[in-house]
Amino acid sequence: MGHNQPAAEAFITIKNKPVLLRVANGFFGIAFGSAETAAVISVELTDISLTRCNNESYLNAGLMLFGPLDDDSARTIAGLIQPTLH
């Protein structure tokens, strides 16, 4: 996704908890937790990938692996990162 393209965001669920994903300016943002214990991670979009292991999908954010993801969540992530695939 180019730096001049509009931001895109979506909610997915990981382990029954809502997670906000946001793509903007070449970065992939992940926000999760509650108001008291919220965490935000921002990773360069080119470092994000989906990984398949033991018939389950995971979001690979470099040093962190999120999942397992349900199929709808994996498709949502793929849609957000697809414009950066070459």
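Computed quantities for the displayed model
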quantity	calculated
Residue among GLY62, GLY67 that is at positive phi and outside any strand (DSSP E or B)	GLY62
Residues being in contact with a strand residue (DSSP E or B) (Cβ under 9 Å, 6 or more places away or on another chain), free of Cβ contacts under 8 Å to residues at least 24 places away in the same chain, polar (S, T, N, Q) and closer than 16 Å to LYS15 by Cβ - total across segment 35-86	1
Residue in segment 34-74 that is modelled with the highest pLDDT, counting only those that are surrounded by fewer than 11 Cβ atoms within 10 Å (Cβ to Cβ) and aliphatic (A, V, I, L, M)	ALA39
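The values are calculated or read from the model by the stated rules, or taken from the named source; none is laboratory data. Predicted, not measured: the structure shown is a model, and the values here were computed from it. A quick note on method: Cβ atoms are made from the backbone with ideal geometry, for glycine too, and the neighbour counts reach across all protein chains shown.
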